[in-house]
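K.L.:
Quick one: the structure is below, questions incoming.
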Amino acid sequence: MRLLRTVVGVAILASFCGAAWAQETPAPKPAEPGSKAASPAPVVLIIIAAIALLVSGIGIMNIMLVTVTERTREIGIRKAIGAAQREILYQFLVESFLISGGGAVIGILLGIAMPVAAQYFLPGNLRVPVSPLSVVLAFVVSCSTGLFFGYLPANQAASLQPVESLRYE
């Protein structure tokens, strides 16, 4: 068991450090932060994050569009008894906020659990820190994505005509 911990810890450490310390040849000097040869990793990570947000936003929008379609009669009844367009808009925006917020909480819990689990395999007193700012930022960005992509279905629901909505089957 101890050998497994050591092997896994070395593998994790090598992946975090780029395995430069394990090579026989000296590692090249890192580029200066302002130079053109700086690492492209932050740009690649931003592009991957943007694609993930776009895909998740489209998924939320599709879920909300299906919800609006399934609840057309309910929307018609609410509008017929006097619900304002703003109230229906807020109802569907809150639903998209809850969907994206729930996903954010699950993602944050998994994101915090991984470094905690990895610490067991890391040698010595090496720790993987998780910034509280990154947790808050992840939640805010996720919920903002839900609100942004949930606006179209919410607006569509709010602009339905009561008579047409009641006829819908």
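Listed here are the residues, each with its yes/no results for (1) surrounded by 13 or more Cβ atoms within 10 Å (Cβ to Cβ); (2) touching a strand residue (DSSP E or B) at 6+ places or on another chain (Cβ under 6 Å); (3) free of Cβ contacts under 8 Å to residues at least 60 places away in the same chain; (4) in a loop (DSSP other than H, G, I, E, B).
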{"residue": "46", "(1), (2), (3), (4)": "no, no, yes, no"}
{"residue": "55", "(1), (2), (3), (4)": "no, no, yes, no"}
{"residue": "66", "(1), (2), (3), (4)": "no, no, yes, no"}
{"residue": "79", "(1), (2), (3), (4)": "yes, no, no, no"}
{"residue": "83", "(1), (2), (3), (4)": "yes, no, yes, yes"}
{"residue": "89", "(1), (2), (3), (4)": "yes, no, no, no"}
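K.L.:
Another question, if that's okay. Keeping to segment 139-163, report how many residues are surrounded by fewer than 16 Cβ atoms within 10 Å (Cβ to Cβ) and under 21 Å from the mean Cα position of the chain (by Cα).
P.N.:
5
K.L.:
Please verify whether residue 108 is in contact with a helix residue (DSSP H, G or I) (Cβ under 7 Å, 6 or more places away or on another chain), under 27 Å from residue 67 (Cα atoms) and hydrophobic (A, V, I, L, M, F, W, C), treating the condition exactly as stated.
P.N.:
So residue 108 fits the description; yes.
K.L.:
Turning to a different aspect of this structure: Examine segment 127-137 for a residue that is of a type outside the set (A, V, I, L, M, F, W, C), assigned to a helix (DSSP H, G or I) and more than 20 Å from residue 60 (Cα to Cα), and state whether such a residue exists.
P.N.:
The initial filter retains those residues of segment 127-137 that are of a type outside the set (A, V, I, L, M, F, W, C), namely 127, 129, 131-132, 134.
When the remaining residues are screened for being assigned to a helix (DSSP H, G or I), the result is 132, 134.
Imposing the further condition that a residue be more than 20 Å from residue 60 (Cα to Cα) reduces the set to 132, 134.
Looking through segment 127-137, at least one residue is of a type outside the set (A, V, I, L, M, F, W, C), assigned to a helix (DSSP H, G or I) and more than 20 Å from residue 60 (Cα to Cα).
K.L.:
Do we have residue 111 as over 17 Å from residue 165 (Cα atoms) and touching a residue at least 12 places away in the same chain (Cβ under 8 Å) here?
P.N.:
Yes.
K.L.:
Considering (1) assigned to a loop (DSSP other than H, G, I, E, B); (2) among the polar types (S, T, N, Q); (3) modelled with pLDDT of 65 or more, say which one residue 62 fails and leave the rest.
P.N.:
So the condition that residue 62 fails would be (1).
K.L.:
On to the next question. Among the acidic types (Asp, Glu) and farther than 28 Å from residue 49 by Cα, is that true of residue 95?
P.N.:
Answer is no for this residue.
K.L.:
When the residues of segment 114-126 are narrowed to those that are part of a loop (DSSP other than H, G, I, E, B) and touching a residue at least 60 places away in the same chain (Cβ under 8 Å), which ends up surrounded by the fewest Cβ atoms within 10 Å (Cβ to Cβ)?
P.N.:
If we take residues in segment 114-126 being part of a loop (DSSP other than H, G, I, E, B) and touching a residue at least 60 places away in the same chain (Cβ under 8 Å), then 120 is surrounded by the fewest Cβ atoms within 10 Å (Cβ to Cβ).
The values are calculated or read from the model by the stated rules, or taken from the named source; none is laboratory data. What you see is a predicted model; the values in this text were computed from it and never measured. Note that each Cβ is placed from the backbone with ideal geometry, even for glycine, and that neighbours are counted across all protein chains shown.
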